[in-house]
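Here's the structure, in structure tokens; my notes come after.
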Amino acid sequence: LRDVNERRAAEAKLRELNENLERRVAERTAERDRMWRLSNDLMLVARPDGTISSTNPAWKDLLGWDEAALLGAPLREFVVPEDRVALEAALAEMLRTGASRLFELGMRARDGGTRLIAWNAIAVDGLVQAVGRDMTVERTAQTALLEAEEALRQSSKMEALGQLTGGIAHDFNNLLSGVIGAMDLLKMRIAERRYDSIERLANTAINSADRAAALTHRLLAFARRQPLDPRPV
């Protein structure tokens with residue numbers, strides 16, 4: 001009788017352990033299923049060749065593709081043509097190394113648009129599992145910020161150019177004065193038939209004109225964002 005009671009107690013305890021284990025497994029499975037259904041991120045499971053075998057509802061909400069259009073289709077068909085090489089490379093590396101990969105792909109939406117998706121993927125047990133987050137708005141904002149910063153730099157550059165105008169005009173006027181003065185003296189020497197200093201005056205005028213041209217070149221380069229010529233003015 002004692003042996004029967006002990007055996008029954010052991011069996012009851014084992015049943016209780018099994019029931020607790022099954023309940024925990026069911027709870028964890030339900031949690032994963034709930035995350036799969038409710039997540040705003042794209043989720044998928046694909047075969048090694050990229051054929052889609054499972055997707056979550058976010059594909060419909062974000063890109064407009066329902067499960068019927070996705071299951072059994074190659075993932076590359078939903079990637080913009082210019083990013084398909086990157087997809088193939090990522091798949092090959094994951095299958096070769098078994099390590100997770102982070103990469104971004106432009107994904108085609110059913111309405112003809114494109115969404116930029118940042119993928120975190122890994123190949124496990126002969127399947128590719130991936131989660132993708134929509135980065136379209138963030139990348140658009142980053143691009144707009146970079147453009148605004150570039151516009152601000154150009155605006156600051158033009159403002160600085162305007163502030164320098166007074167000093168530059170003074171320097172330019174000095175250069176022109178050198179040209180005009182040398183030409184006036186040259187004209188006087190010719191009228192007086194004094195030719196001994198003609199070459200020196202002509203060289204002075206040419207040198208001043210060259211320096212004025214170099215200054216103009218550097219100003220245009222500054223305004224047009226071209227590399228400045230290191231030649232002295």
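Looking at (1) out of contact with any Phe, Trp or Tyr (no Cβ under 8 Å at 6 or more places or on another chain); (2) open to solvent by 80 Å² or more (accessible area, probe 1.4 Å); (3) more than 30 Å from His217 (Cβ to Cβ), which one does Val128 not meet, given that it meets all the others?
Every condition holds for Val128 apart from (2).
Taking the conditions exactly as written (assigned to a strand (DSSP E or B) and open to solvent by 10 Å² or more (accessible area, probe 1.4 Å)), does Met35 satisfy them or not? Quick ask: steps written out before the conclusion?
On the way: assigned to a strand (DSSP E or B): no; open to solvent by 10 Å² or more (accessible area, probe 1.4 Å): yes.
Judged against the criteria, Met35 is not a match.
Taking interchain pairs and intrachain pairs at least six residues apart, which have beta carbon atoms under 9 angstrom, with the first residue in the stretch 181-195 and part of a helix (DSSP H, G or I) and the second open to solvent by 90 Å² or more (accessible area, probe 1.4 Å)?
Partner pairs satisfying both residue conditions: Ala182/Arg200; Ala182/Ile206; Met188/Arg194; Arg189/Tyr195; Arg189/Asp196.
Tell me the residue from Ala182, Ala205, Ala212 that is under 52 Å from the mean Cα position of the chain (by Cα) and open to solvent by less than 70 Å² (accessible area, probe 1.4 Å), please.
Details: Ala182 fails: under 52 Å from the mean Cα position of the chain (by Cα); Ala205 fails: under 52 Å from the mean Cα position of the chain (by Cα).
On inspection, the qualifying residue turns out to be Ala212.
Pick from Leu116, Leu62, Leu71: which is more than 20 Å from the chain's Cα centre (by Cα), buried (at least 17 other Cβ atoms within 10 Å of the Cβ) and of a type outside the set (Gly, Ala, Ser)? Spell out the reasoning first.
Values: Leu116 fails: more than 20 Å from the chain's Cα centre (by Cα); Leu71 fails: buried (at least 17 other Cβ atoms within 10 Å of the Cβ).
So the residue among Leu116, Leu62, Leu71 that is more than 20 Å from the chain's Cα centre (by Cα), buried (at least 17 other Cβ atoms within 10 Å of the Cβ) and of a type outside the set (Gly, Ala, Ser) is Leu62.
Restricting to the stretch 135-151, name every residue that is farther than 23 Å from Leu63 by Cα, of a type in the set (A, V, I, L, M) and open to solvent by 90 Å² or more (accessible area, probe 1.4 Å). Let's see the steps before the verdict.
Filtering the stretch 135-151 down to residues farther than 23 Å from Leu63 by Cα leaves 144-151.
Then drop every residue that is not of a type in the set (A, V, I, L, M), which leaves 144-146, 148, 151.
The answer is Leu145, Leu146.
Which condition from (1) open to solvent by 30 Å² or more (accessible area, probe 1.4 Å); (2) closer than 23 Å to Glu138 by Cβ is the one that Asp49 breaks?
It fails just one condition, (2).
The values are calculated or read from the model by the stated rules, or taken from the named source; none is laboratory data. Here the structure is a predicted model, which is why all the values come from computation and not from measurement. Cβ coordinates were reconstructed from backbone atoms using ideal geometry, including for glycine residues, and neighbour counts include every protein chain displayed. Please note that ligands, DNA and RNA were not included when accessible areas were found on the heavy atoms of the full protein model with its side chains. Shrake-Rupley method; radii C 1.70, N 1.55, O 1.52, S 1.80 Å.
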